[in-house]
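What follows is a single structure, written as structure tokens, with notes after it.
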Amino acid sequence: MPASESRMFLYFSDLLGRPLHLSDGRAVGRLADLKVRLGEVYPKVNTLVSRRRREKTGVAIDWGDVEALGEHSIILKPGAEDRFAPLEVGGQEILLREDLLDKQAVDTGGARIERVNDIHLLVVNNELRIAHVDFGLRGILRRLGWLRTIDALAAWLFNYRPAEKLVSWKYVQPLASDPKKNLKLNLTLRTLRELHPSEIADIIEELDRANRSSVFRALDAETAAETLQEVDPKLQLSLIETAPPDRASDILERMEPDEATDFLADLPEEKKDRLIETMDPPFREQVKNLLKHKSGTAGSIMTTDFLALPEDRTIAEAIAAFRTIVHPLETVAYIYVTDNAGRLAGLITLRHLILCGREEKLGALMNTRVLKVEAEDDVEAVARVFNKYKFLAVPVVDNENVMRGIITLQDIVQATAEEL
């Protein structure tokens, strides 16, 4: 290759479709793809793929047979046509157009899915290597042939030029175990756990089955549990099935009991029983009790995570109890007060903990007008209670007025989301 081309950058989209000429000027096809072998920091192109019109399979041309990259064509060395061969792609090899262009990438820095719009290549020392991946708008415009027009228009109207959005290949790694079949790109997978679970859930939902599993397995149990609660229910089962039983039960134990119960209720009996038996005894009993309730009832969506204290306890004791809980904040919006027999007598709010004297008794401060529902009440009836009174949580009691759980606003919204 001429010395003037010993080091230069160019875009894959600019090469695609260029005619391939022999040294005598004869055209032998057009560039349809480039093949690279993964493994290096900046993978090297080892093969050009030429394809003529109406041809279904491409012809492989070794990169060593390239004489020069002309402005409008690719010049091959003398005798190159004698070395053309059928195209074969090995296990760690990919085709840039077929396997990489337009594929998705997990951009964990921006917490979203990016799409590969172009590939930035570097010619150095007579080798062609992948330098960057282009995720920007300019990559799309370049491929459409609109880039110069848009640049000129933007400069004339706004004195502005759309920015490049290039990511160095060294920060981009294949996420799939078989990149030739399911190539997705992963930008710093290690930082996934630093994202909010809802953002991780958005990423997982955008990936195919194999890559969802790869991302989900990379999460610690706590993050996996929080993420599982945010994922579309249709995907939850497929994700948990990719985990061994011990890890699956570990993840479920870190979920809120009602969320874990909802998930288990949809499993086949054999798999459900196997997971339940591997759980720690206290959580196992909570889940078994919740599973006894019929679907569509208050008991089926309630959580057993709540804070209840006897009426003879003081504000100081309530504060101490509050500090020890690990339940989500919405489950402790109210602190429930019980009588000596354990029956629901009233409630106090976090406001009481802040404003009232530390030695005051809960029984003297509690609001005794507590609206409650029973475990067998219909979910729609519970939804009407939330809609009318705007509570953050509603207690669930049995026929003896003993608290069995609470339903939070989030619980009822999720339970009626389809109707909403």
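The values are calculated or read from the model by the stated rules, or taken from the named source; none is laboratory data. These numbers come from a predicted model, not from an experiment. Note: ideal-geometry Cβ built from the backbone for every residue, glycine included; neighbour counts use all protein chains shown.
Give the residue that is nearest to Asp118 (Cα to Cα), with candidates limited to residues of the stretch 141-172 that are loosely packed, with under 12 Cβ neighbours inside 10 Å and among the aromatic types (Phe, Trp, Tyr). Going through the qualifying residues, I end up with Tyr160. When Arg129, Arg97, Arg138 are screened for being over 13 Å from Val45 (Cβ atoms), surrounded by 13 or more Cβ atoms within 10 Å (Cβ to Cβ) and not hydrophobic (A, V, I, L, M, F, W, C), only Arg138 passes. What is the residue count in the stretch 186-213 for residues that are at pLDDT 75 or above, surrounded by 15 or more Cβ atoms within 10 Å (Cβ to Cβ) and of a type in the set (Gly, Ala, Ser)? Number of matching residues: 2. Test each condition in (1) among the aliphatic types (A, V, I, L, M); (2) touching a Phe, Trp or Tyr at 6+ places or on another chain (Cβ under 9 Å); (3) at pLDDT 95 or above for Ala333 and report the one that comes out false. In the conditions (1) among the aliphatic types (A, V, I, L, M); (2) touching a Phe, Trp or Tyr at 6+ places or on another chain (Cβ under 9 Å); (3) at pLDDT 95 or above, Ala333 misses (3) alone.
Of Met255, Met279, all but one fail to be under 19 Å from Ser198 (Cα atoms), without any contact (Cβ under 8 Å) to a residue 40 or more places away in the chain and not in a helix (DSSP H, G or I); the exception is Met255. Looking across the stretch 229-265 at every residue that is surrounded by fewer than 16 Cβ atoms within 10 Å (Cβ to Cβ) and within 23 Å of Thr331 (Cβ to Cβ), the one that is nearest to the chain's Cα centre (by Cα) is identified as Pro233. The set of residues in the stretch 146-174 that are more than 30 Å from Gly39 (Cα to Cα), modelled with pLDDT of 75 or more and in a helix (DSSP H, G or I) comprises Leu147, Arg148, Thr149, Ile150, Asp151, Ala152, Leu153, Ala154, Ala155, Trp156. State yes or no: is Ile276 modelled with pLDDT of 95 or more and either of a type in the set (Gly, Ala, Ser) or surrounded by 16 or more Cβ atoms within 10 Å (Cβ to Cβ) (or both)? So Ile276 fails the test.
If I ask for residues that are β-branched (Val, Ile, Thr) and either over 12 Å from Ile204 (Cα atoms) or in contact with a strand residue (DSSP E or B) (Cβ under 7 Å, 6 or more places away or on another chain) (or both), which ones from the stretch 216-232 would you list? Matches in the stretch 216-232: Thr223 only. Here Ala60 qualifies as at pLDDT 90 or above and closer than 24 Å to Val124 by Cα. Residues that are at pLDDT below 75, part of a helix (DSSP H, G or I) and surrounded by fewer than 17 Cβ atoms within 10 Å (Cβ to Cβ) do not occur anywhere in the stretch 175-185. Within the stretch 304-330, the set of residues being at pLDDT below 90 and touching a strand residue (DSSP E or B) at 6+ places or on another chain (Cβ under 7 Å) comprises Thr304, Glu330.
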